[in-house]
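The values are calculated or read from the model by the stated rules, or taken from the named source; none is laboratory data. Remember, predicted model here, so these are calculated numbers, not experimental data. A quick note on method: Cβ atoms are made from the backbone with ideal geometry, for glycine too, and the neighbour counts reach across all protein chains shown.
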Amino acid sequence: MIVLRLDKYDYGLIFHLLNEKRNELIKDHLDTETVDNVLLKVIEAGEKKKGRSEYER
């Protein structure tokens, strides 16, 4: 397991980049499963630390 400590800016950046990649894959009619799985992990990690200034994952 790898743990990353992210501030809100870094967390948001990762979230938005993954979401943009997912949208590109959808537009190109390609499989999004891998990106979906990572995006869900990022979302879940953020929810676990809601209200704190750092997110871990």
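Within segment 20-35, the residues that satisfy the criterion of being loosely packed, with under 13 Cβ neighbours inside 10 Å and closer than 20 Å to Leu4 by Cβ are Glu20, Thr34.
Being of a type in the set (S, T, N, Q) and not in a loop (DSSP other than H, G, I, E, B) is the filter here, so list the residues in segment 1-50 that pass it. Correct list: Asn19, Asn23, Thr34, Asn37.
Just to be sure, is Glu54 in contact with a strand residue (DSSP E or B) (Cβ under 8 Å, 6 or more places away or on another chain), modelled with pLDDT under 90 and acidic (Asp, Glu)? Taking the combined requirement at face value, the residue satisfies it. The set of residues in segment 11-32 being free of Cβ contacts under 8 Å to residues at least 12 places away in the same chain and closer than 14 Å to Ile43 by Cα consists of Gly12, Leu13, His16, Leu17.
Residues of segment 1-23 that are over 12 Å from the mean Cα position of the chain (by Cα), within 17 Å of Asn37 (Cβ to Cβ) and either charged (D, E, K, R) or modelled with pLDDT of 95 or more (or both): Asn23 alone.
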